[in-house]
Structure formats: C-alpha cells, structure tokens
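K.L.:
Here's a structure for you.
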Amino acid sequence: MAWLMLRRSLTRRRSRVLIAVLAVAIGSTTIFALALLAIDIPRHMSQDMRSLGANLIVLPADGSPALSASTVEEIKGVLTDSEVVSVVCFRYANVRLNQQPFLAAGTDLAQAQKAKGYWDVEGDWPDQPGQVLIGRDVASLIGLAPGDTVTVTLTQAVTAADPTDPSDQTDPDGQAPEPPAERSARLSVRGILTTGGNEDGFVVMDLSDLERLTLSFDLVDIVELSIDRDSASLAELAQTIDRQVDQVSAAPVRRLAHSEADVLAMLRSLLALVAVIVLALTLIGVATTMMAVVTERRAEIALRKALGADQRSIAWEFQCEAMVLGLVGGLLGAGLGFGLAQAISQSVFQRGVAFSGWLAAVTVAASVLIAYLASRQPVRRATLVDPALVLREE
Amino acid sequence: MFWRMLRGALTRRRGGRGLIACTTALGASVATALLGVVFDIGDKVSAELSTYGANIVVLPRGAAVVGDLYGDDQLAAGRTAALREDEVAQIKTIFWAFNVTAFSPFLDAQVTVTGVERPVDLVGSWFAHHLDLPSGEHAQAGLIDLRSWWELEGGWIADQDTDLALVGTKLAASQGWGLGDRVTLQGAARSADFRIAGLIDSGGAEDDQIVVPLAQAQALSGRTGQVDRIEVAALTTPDNDLARRAARNPASLSVSEWETWYCTAYASSIAYQIEEVMTDAVAKPQRQITESQGTILNKTSAIMVLVALLALAASALAIANLVTAQVMERSAEIGLLKAVGATDSAVVRLILAELTLVGLAGGVIGYGLGLGLSQAIGWTVFDSAITPRPAVAALVALGVAAVVLIASLPSIRLLLRLRPADVLHGR
C-alpha cells in the first residue's frame, strides 16, 4: 500500500518530480566532477611538471671523483621504476672550438630530450652520435648555424663535482693528465640550444663522442633525476640515497616543489569553495520543490489524516519520496559528472580521469542525504496540517 | 488597470515575490563572484608563481659568453666585465616595470675565512633596498622578496648592517658555526669581521655560501659600484609562436608584430626592455623557470576557468529550476484572471513585468552580495582581493535576465494552457 502511494505520487506530478530530480542531478554532477578532478589534477600536473626539469640532483660527495656507471645503477636501485620519470647523466669537459674555449657536456641525448622539455632547440635534436647541439652564445660568438660542421678539440677533462669549481683538475682515471689540446673530433651541428641558463655556453654532444675525446669511460659528473614524488618524500629519498650509496650527495630542487604545492593548494581550495556553493544551491532547490509539493497536497494530507493516518506515516511518505528523488538524481549525476570531468581533463591535460567507484557511491549517498535534509522542513509542515481547517475550505 | 494589477501583485502576496527576488539575488551573487574570479585567475596564478624566483637574469655583455667558462687561466681576465649598481634601479622604469615583482643585484667574490682551509663563496646583494624612482614613486628590491622560499634560522639582515652576515646551513655545519658567532672574512681588497645573524636553508647553492649586504661585498673585493648579475622575477605571459620567433631574432618581425610583442609581457620582451635601459647588459629569460610557470599558469587557469564556468552553468540551471517552480505556483491566480476575461497576452505581460521588476531588485541586491562573496573567495583561495570590474556587472545583468526569462517561458506556456475551471476547482 505504501509503495503504491509512493509510486502514484511520483508518477502523477511529473513536472514537479522532474524539477526536483533535475536540481539534485545538477548538484551531484558538479560535485562528482569536481571531486574526480580534485583527485586527479595533482597527478596530471606533476607529470607535466616532471618533463620540465629534474627535481633531484645527485653529485659526487665532497672530495670524491666523478661517479662511475655502477654508482648510477646503485642510485637507480634505490628507486622504484614507476616513480622515475627520467634519469639524465652529464659528463663535462673543457674543449675548444675555433680556438675559443667552451664547456662540452656529454649525455644520452634521447633521454635529455625527454627530460628537458624547456630546452628550446632551433633546428633538430641530434639523433645519432657525431651530431651536436651548440649553445646559443657559442653559436653567435663563432657564427655557427644548423648544418655546419665544427672541430671540437679537447683541452682537458673536467672532473670536479661542480663544473663551476676550477680548483679540482685531477684526471678521473687517476692517470697522468693528457697533454692538452691534441685530441679532436669533427662533429656536425644539428641544432642551436637556448635555455637562458649555463647551457647557452655549452656544446652538448652524445656521451660516446665525449668519451672518445676524453678517453675516459663510464663516468658521469652529475645525475639529474625527475621523480614523481611530493617535496616531503623527495627530501626523504635524498637522504636515503646519501645513506645507501657511497660517495654521492643528493639534493632535491626545492624551489620547484614549493611553488607547485602552493598552486595546487590554491586550486583545491577553489574546487572546495565551488562545491560548497553548488551544494547550497542544490539544497535550496530541493527544499523549495518539496515545499511546493507539500503545499499542493495539503488537501490530500488532510484527508488522509482525517481517515486516521498518523503523523509518522505521512512524514515517512514524503521523506521516502524525497530520498527516491535524491537517489535518481544522484545516479544521473554520477554518470554525467564522470563525463564532465573526463571532458575537462581531456581538454586541459590531454589525459582522462580515472573513474572512482567509491566516490560515485559517496556522491549518490550524499544526494540522498541532501534530499532528506532538504525535505525535513517541508515534511514538518505537512505533519502540522490541521485536517478540519483544510477540509472546510474544499 | 495593468499598473494597478502589477502594483497589487507586487505588494500583496509578498512571500511569493520575495522568493523570486531571493532566487535572482542568489543567482546574481554567485555569478558576480564566479565571473570576478574567472577574470582574475590569470593574474592571481601568475602572482603566486612569481615566488618561483627569478625568471630573467641580467649579465654583463662579455660575461654572458665567458661567465661559464673556467679551468682555463686565460679566461680569468674575461670576468672583469661588470654591471653598474647605479643602473640597477632602471629596471623599474621599463614599459613592463609594473610586472617586475622582485629583483636584486648580486656580486660574487671568493674570500678566505680565518680557520677555514678552502676559499669560501661570498655573495653580496640587496635585502630590502629602498628605491626612489624618477617617476616619483617608491619601490623596494632585494632578497627578501626574491628568495621567499628560503628557510631562515635567525632573521633577515638590513642593507645598512655593516657587520651582519647570513651563512648557508651546510657551510655552518661543516665549520661548527652557530647564530651569533663571529667570522673574519679576507677579501681581495680588505678584511672585515661579521656576526652570523641567520642560517640559510635554501636547498640550493646558497647553502654553501656567505651572504652579506652588497656594499660590504663590494668593499671586501674592492669593486665599488659593480654588480656581477641581476636576478629579476617578473610576471610573464606564457610564450607563444610570436614570442619564440622574437626571442630568436627580434629583427625578423614585421612592425605590427614587433609592437604586439613589445607590448605583451613575454619574458623575451621584458628581457629586451631591460637590455634597453642598461649599458652593456644581456638579459636572459630562464627558460626552465618561464616554461614551468607557463605550464602551471596555462593548466591551472584553464582548470579554474572551466570549474568556475561549470559552477556558473550549474547555478544557472538551479536558478532556472527555482524560477520555473515559482511561476507555476501562480496557477490559481492566473486561472482566476482568465476566468474574469484576461487575454493570454495580458497574462504574459503581467507575469513578465512582475518578473522584471522583482528580478531587477533581486539582481541589484545579489550583485552587492556577490561583490562581498568574490572578496571572500579571493581572500580564502588567492590571499588577495578580486578586482571589481564593470564588465562583470554587465555580464551578470544580461545573464541573470536571460536565465530568468528563459526559465519562466515553459511555466508561462503551461499557465496559458490552464483551463480556469480546472484550476479554480483545485485539480
């Protein structure tokens, strides 16, 4: 009997029911979309940021020579594969181009291209050994353009941990220093590199080319890691590397982590505020609709009361009605909200969001709860209807 | 007759009109707040990102090439080029001076410290230097703004301090120095005593350095009035194709392109303008910083704008929903009107006139509330005020009017189709 009444009351007043369901659906769509975004944005954002430079730098510890290839493997061993976005190793040496002294950096160029999203290359990235990138300042000083060929002559290997420290000039292999300015290689210029930083004065070549010049193999001066972690756990990781790997010193790049966290906090508080506004609007919308429903059905309520229905059964009916509306609206909202979050995420990050089952469940539950809360005042009004007064008006 | 009915409708049955007014007020305030936020998001995010540090570095022309070269004795002479300290303030006179949020000159020197074997890097800089600009305005420049992420044990020092220094935590730890200890620094020109007033934890090179006021570093190294580099933090527009072409070669642009570029706050155009006001200087945008800022700025603004628009759409729908519901309340009254012979057009005119007046009142109140709400959002989310814009008022007025009218159309149609007898009978 109760179900029959509930079904009747829902189907008979279609426009009202539609409006209430719409109110709940709009609210839950927005809130579900916001929640999905709030969860996924930090992940997407940090992935995008990771292609814009390293956030952990590993150098040889004070007084240690350059890192060996096995040390680099040890460092990688500390990390789990999934969190490593990129690892780029650099080796430095002093060279001369056209009798002008410059710094040469040797690296795995394919890795560098992936990790150094901010390197602006005019021309092309080198795709095989024998090709180099020339820093902008170098290029303008000696007049080089992509396609030119240049002779690079070694003056002496730089082995210092910090390439700006001129005091440390011992050969990494412990051999006697080679007589300077004798070994040279002809390399073709593939592109001109602009970064605004030190690299503008560098000649960037494949590590194998630099090793052939310096005749010292499997050594690196600096390891730049891009790791998908927040700043706190990054500092922990740096300490772990310091502890577990000998003769290295790891330091997180704090400036990057700091700003990123600030902006994400800003974004989250905006999402939260918008959610609150939408929630309030939904509550008002459902409450008004339920109030109208109750007003409209005063006569019916009065009649049922006169026939002996108690207050609880009347309250129960209205609350059930509201909660069914909430349920339908919530289910609709969860579906639409996922689509909306997906669309926003695709348009901004070119990546979708992950559907979260428990979040969808929470959204539907919240919609039912909101419908229940919004209907409390109207229901109280319904139970206070005085049958005698209302029925006399008829 | 029409006016009397309208007045009657407005003054009697205040509850119903009140509800519509409240609804429009609600819609207008949410729209005002969110639109205000949408228009300000770019500025706010980029202001937040300026704590990122310097995105333009100014170097003496010679040093731009030679500065990073080392390990070669012939080059030691190459570093004599320097910028002039008296020109540093010029940075605040360029076209985009307003976008320069922080800057500071730096002088690097190596000093020997009594009791320390290896030479120590000394950095001289401004902390909170007061500038009187030619325009009569005042500005402040220095590390306190430029290095806002430094974690400092102790406190900042002032530019006038002659015997206070900040020391990097790594250096202090390796030498066993603590706050209040005294160190004697021997520079190229003379030596001086300093008291350690703060320990810097920066996560960067400064952890191994000593930082003193610029004047002290100049005196120690005998380079009065000289500066090695200036770091500038500027609010910049993310690079686009034009900016990239201009950065490579400003001469390749046509006149109108050049004007667009010059008058847009790209890192490259700000750098160009700095070069214009300083002698023999090269200003280099730091691509790692500007690109990171650009990425964060573009994505965050896009997300925020989309979210705010989403909220706007949701509120518009919610408001439309409410208006529809409330217009439908009037069925009994409209039924009576029709029973006594009102034409359809008269009914429509009455309802629309009533909605317009009530909506106008609600809209004005809502706009006022919305200004307050937008400031509340500004301070909670961005820690700064949202600029009130006339464009927002116009958009809100148009938007609210459209939403209310469109929302009332279906219910008006429904009312017109009512048969008076049915309604009055209460079915």
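K.L.:
Among the residues of the range B:169-180, write down those that are over 13 Å from B:VAL113 (Cα atoms) and surrounded by 14 or more Cβ atoms within 10 Å (Cβ to Cβ).
P.N.:
B:THR169, B:LYS170, B:LEU179
K.L.:
Can I ask one more? Within the range A:199-306, which helices (runs of 4 or more DSSP H) (wholly inside it) include 2 or more residues that are modelled with pLDDT of 80 or more and within 30 Å of B:MET304 (Cβ to Cβ)?
P.N.:
Qualifying helices (runs of 4 or more DSSP H): A:231-244, A:254-296.
K.L.:
Quickly run through the range A:57-76 and pick out the residues that are among the aliphatic types (A, V, I, L, M), at pLDDT 85 or above and more than 18 Å from A:ALA235 (Cα to Cα).
P.N.:
Scanning the range A:57-76 gives a single hit, A:VAL72.
K.L.:
The conditions are (1) farther than 30 Å from A:ALA280 by Cα; (2) within 10 Å of chain B (Cβ to nearest Cβ); (3) at pLDDT 80 or above, and A:GLY53 fails exactly one of them. Which is it?
P.N.:
Every listed condition holds for A:GLY53 apart from (3).
K.L.:
Let me ask something else about it. As an exercise: evaluate A:THR30 against (1) assigned by TED's automatic domain parsing to the domain that holds A:GLN342; (2) modelled with pLDDT under 85 and give the number of the one condition it does not meet.
P.N.:
Among (1) assigned by TED's automatic domain parsing to the domain that holds A:GLN342; (2) modelled with pLDDT under 85, A:THR30 violates only (2).
K.L.:
For B:ALA385, indicate whether it is assigned to a helix (DSSP H, G or I) and either under 15 Å from the mean Cα position of the chain (by Cα) or not basic (Lys, Arg) (or both).
P.N.:
Considered against the rule, which asks whether it is assigned to a helix (DSSP H, G or I) and either under 15 Å from the mean Cα position of the chain (by Cα) or not basic (Lys, Arg) (or both), B:ALA385 comes out as no.
K.L.:
Related question: When you look at A:GLN244, is it among the polar types (S, T, N, Q), surrounded by fewer than 19 Cβ atoms within 10 Å (Cβ to Cβ), in contact (Cβ under 8 Å) with a residue 12 or more places away in the chain and out of contact with any Asp or Glu (no Cβ under 6 Å at 6 or more places or on another chain), yes or no?
P.N.:
In short, yes.
K.L.:
Tell me whether the range A:378-385 contains one or more residues that are away from every other protein chain (no Cβ under 14 Å), in contact with a Ser or Thr (Cβ under 7 Å, 6 or more places away or on another chain) and in a helix (DSSP H, G or I).
P.N.:
No, the range A:378-385 contains no residue that is away from every other protein chain (no Cβ under 14 Å), in contact with a Ser or Thr (Cβ under 7 Å, 6 or more places away or on another chain) and in a helix (DSSP H, G or I).
K.L.:
Condition (residue is over 30 Å from A:SER231 (Cα atoms), free of Cβ contacts under 8 Å to residues at least 24 places away in the same chain and surrounded by 13 or more Cβ atoms within 10 Å (Cβ to Cβ)) applied to the range B:187-203: is it met by at least one residue?
P.N.:
No: the range B:187-203 contains no residue that is over 30 Å from A:SER231 (Cα atoms), free of Cβ contacts under 8 Å to residues at least 24 places away in the same chain and surrounded by 13 or more Cβ atoms within 10 Å (Cβ to Cβ).
K.L.:
Do you know which residues across the range B:95-117 are among the charged types (D, E, K, R) and outside any strand (DSSP E or B)?
P.N.:
Listed by number, the list holds a single entry, B:GLU117.
K.L.:
Turning to a different aspect of this structure: For the range A:194-207, does any single residue satisfy the condition of being surrounded by fewer than 20 Cβ atoms within 10 Å (Cβ to Cβ) and over 19 Å from B:GLN286 (Cβ atoms)?
P.N.:
no
K.L.:
How many residues does the range B:195-208 hold that are over 17 Å from B:ILE144 (Cβ atoms) and in contact with a helix residue (DSSP H, G or I) (Cβ under 9 Å, 6 or more places away or on another chain)?
P.N.:
Count: 4.
K.L.:
I've got another one for you. Any idea which residue in the range B:206-246 is surrounded by the fewest Cβ atoms within 10 Å (Cβ to Cβ), counting only those that are within 25 Å of the chain's Cα centre (by Cα) and under 16 Å from B:PHE106 (Cα atoms)?
P.N.:
Top of the filtered list is B:GLU231.
K.L.:
Could you say whether any residue in the range B:291-301 is more than 30 Å from A:ILE41 (Cα to Cα) and either of a type in the set (S, T, N, Q) or assigned by TED's automatic domain parsing to the domain that holds B:ALA33 (or both)?
P.N.:
Looking through the range B:291-301, none of the residues is more than 30 Å from A:ILE41 (Cα to Cα) and either of a type in the set (S, T, N, Q) or assigned by TED's automatic domain parsing to the domain that holds B:ALA33 (or both).
K.L.:
Quick one: which of A:VAL274, A:VAL278 is touching a Gly at 6+ places or on another chain (Cβ under 6 Å), facing chain B (nearest Cβ under 7 Å) and either surrounded by fewer than 16 Cβ atoms within 10 Å (Cβ to Cβ) or touching a residue at least 40 places away in the same chain (Cβ under 8 Å) (or both)?
P.N.:
A:VAL278
K.L.:
For the range A:61-83, what are the residues that are surrounded by 18 or more Cβ atoms within 10 Å (Cβ to Cβ) and either assigned to a helix (DSSP H, G or I) or free of Cβ contacts under 8 Å to residues at least 12 places away in the same chain (or both)?
P.N.:
A:THR71, A:VAL72, A:ILE75
K.L.:
Any residue at all in the range A:340-356 that's touching a helix residue (DSSP H, G or I) at 6+ places or on another chain (Cβ under 7 Å), hydroxyl-bearing (Ser, Thr, Tyr) and either crowded, with 17+ Cβ neighbours inside 10 Å or assigned by TED's automatic domain parsing to the domain that holds A:ILE41 (or both)?
P.N.:
Among the residues of the range A:340-356, at least one is touching a helix residue (DSSP H, G or I) at 6+ places or on another chain (Cβ under 7 Å), hydroxyl-bearing (Ser, Thr, Tyr) and either crowded, with 17+ Cβ neighbours inside 10 Å or assigned by TED's automatic domain parsing to the domain that holds A:ILE41 (or both), which makes the answer yes.
K.L.:
Also: Please tell me if B:ILE377 is assigned to a helix (DSSP H, G or I) and within 11 Å of another protein chain (Cβ to nearest Cβ).
P.N.:
Yes; evaluated as a whole, the condition is true for this residue.
K.L.:
Mind counting the residues in the range A:121-132 that are of a type in the set (A, V, I, L, M, F, W, C) and either at positive phi or within 14 Å of another protein chain (Cβ to nearest Cβ) (or both)?
P.N.:
Matching residues across the range A:121-132 total 1.
K.L.:
Starting from residues that are within 13 Å of chain B (Cβ to nearest Cβ), in a strand (DSSP E or B) and among the polar types (S, T, N, Q), keep the ones in the range A:84-120 and report whichever is nearest to A:ILE142 (Cα to Cα).
P.N.:
A:GLN100
The values are calculated or read from the model by the stated rules, or taken from the named source; none is laboratory data. What you are looking at is a predicted structure, and each value in this text was computed from that prediction instead of being measured. Note: ideal-geometry Cβ built from the backbone for every residue, glycine included; neighbour counts use all protein chains shown.
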